[in-house]
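Structure first, commentary second.
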Amino acid sequence: MEIASMNNDEKPSNFFTKGLLWFKSLHEKIYTKIVGIAKQFKTIAKDDPRRVIHSLKVGLSLTLVSLFYYFQPLYNGFGVSTMWAIMTVVVVFEFSVGATLGKGLNRGMATLLAGALGVGAHYLASATGKVAEPILLGLFVFLQAFALTFIRFFPQVKARYDYGMLILILTFCLVSISGFRVDEIVDMAHKRISTILMGASVCVIVSIVVCPVWAGEDLHKLVAQNMEKLGKFLEGFGDEIFKSSEDSTESKVTKTSLIEYKSVLNSKNSEETLANFAKWEPGHGQFKYRHPWKQYLKIGGLIRQCAYRIDALNAYINSEIKAPEEIREMIKETSMKMSIECGKALKELSKSMRKMNLPISADEHVTNAKNSAKKLNSLLKSRINNWEEINLLQVIPLATIASILTDIVICVEEIGQGVNELASLANFKTTKSSKEIINTNKVIVVEKIELSNNHVVITINEQNMKL
């Protein structure tokens, strides 16, 4: 009996102890979760402080439009339609000026057009009588929804006006269908359109005036940064691929710059999105109105083509098949020079793009890389007959590396041409060093020699000498 009573006394105490431990562990889990979220907040804000500013701008815009609802005189003028201004701010305000301006203009123009079409459809349908009115309204809704939804599949429309098409469909349906039950259709449409336009205007003004984030500037920096990443890889590749086996294990860990290029492979969507937003932006800073944003997409495509070849080149760094030392030493100097000169050319192009200067100094590195490629090609042709006794499997990796490096030289030259085209279209400025390079690369051509009054007259002409 005593043993049974002791067991009954222990059960409540065990239950209480387990409950206390569970509550304690729950408290620790909640605390750990809160600390983790706080660290994540800090990391996100530290990665790009503009995100904090953007959040403040959205809060400011919503506060400004809320005044239409709080102040009685403004509320009497618009009524519950002021909520459309708040909804507009929520859906229109984006991170960059271009995205906000694009969405704002799309929403504003689509609302105006759909409102006019909706009112017109209502009056046209009401003129046919009560019986035919709902049938005609349904037909109008079907036709505009069918036509505009199909137009959204056009690539040009999808890229820039897709949001506007959605608002056009929505607003037309709301105005035309609401008119069937509401008598003051024009007054209702006027209030909704006015509040939507005011909400969009507040978004655009706050986005431009308060710490603006320009999509065009981000695109400019992204393309230049991608070029620099490829340049870093190519400068370090020569030392990495021709390193001795004793240093290979150490280099795999320390060479972090050799994997930075991988982000370039997936940059197409970001570049296209930024270019699309940049087209909406007004002129700002060094980026004038009608800046050649399409040229950035062309350069970005060339950079990715180069990155794909670099990705293939990177596969041979840790290759288990090693070529004979004789062949490695034979092509080592020229291959390393090709890689390093291409890297320097890309870094110079990146530097000139960042500062928006003419990329004159990069031409010399491209010329050096092309000369090294020709030298390597002739070297391989002259020694190929001496490789009969060597295992081909050991030679193929180095031959492939030489071939890929030659392709990379061509890619770098094309990137340089693309940057030169951009410099011409965007009127990049000429620095003092660029002028000196241009002046030192001139030749004097004797055009004509003639005698006149016992004097020798020599006509000369200065021409720029291509590198």
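The values are calculated or read from the model by the stated rules, or taken from the named source; none is laboratory data. Predicted model only: the values in this text are computed from it and were never measured. Backbone-built Cβ (ideal geometry, glycine too); neighbour counts: all protein chains shown. With ligands, DNA and RNA removed, areas are computed over all heavy atoms of the protein, side chains included. Shrake-Rupley method; radii C 1.70, N 1.55, O 1.52, S 1.80 Å.
A few comments on the model shown:
- Residue check, residue 364 outside any helix (DSSP H, G or I) and either at pLDDT 85 or above or acidic (Asp, Glu) (or both): no
- For residue 139, the stated conditions hold: it is among the hydrophobic types (A, V, I, L, M, F, W, C), open to solvent by 40 Å² or more (accessible area, probe 1.4 Å) and over 33 Å from the mean Cα position of the chain (by Cα).
- Filter pass, residue 257 being assigned to a loop (DSSP other than H, G, I, E, B), open to solvent by less than 70 Å² (accessible area, probe 1.4 Å) and at pLDDT below 85: no
- Filtering segment 177-193 for residues that are at pLDDT 85 or above and of a type in the set (Phe, Trp, Tyr) leaves an empty set.
- For first residues located in segment 140-160 and under 16 Å from residue 110 (Cα atoms), partners that are open to solvent by less than 60 Å² (accessible area, probe 1.4 Å) and of a type in the set (Lys, Arg) and lie 6+ apart or on another chain with Cβ distances below 8 Å form the pairs 158/152.
- Looking across segment 200-215, the residues that are in contact with a Gly (Cβ under 9 Å, 6 or more places away or on another chain) and in a helix (DSSP H, G or I) come down to 200, 201, 203, 204, 207, 215.
- Options 115, 79, 108; residue that is on the phi > 0 side of the Ramachandran plot and either at pLDDT 75 or above or touching a Lys or Arg at 6+ places or on another chain (Cβ under 9 Å) (or both): 79
- Restricting segment 79-127 to residues that are open to solvent by less than 30 Å² (accessible area, probe 1.4 Å) and outside any helix (DSSP H, G or I), the residue that is farthest from residue 167 (Cα to Cα): 96
- Top-ranked residue of segment 376-414 - restricted to ones that are over 30 Å from residue 364 (Cβ atoms) and either in contact with a Pro (Cβ under 9 Å, 6 or more places away or on another chain) or open to solvent by less than 80 Å² (accessible area, probe 1.4 Å) (or both), ranked as modelled with the lowest pLDDT: 387
- Residue tally, condition of a type in the set (D, E, K, R) and modelled with pLDDT under 85, over segment 347-361: 0
- The set of residues from segment 37-78 being among the hydroxyl-bearing types (Ser, Thr, Tyr) and open to solvent by 80 Å² or more (accessible area, probe 1.4 Å) comprises 63, 69, 70.
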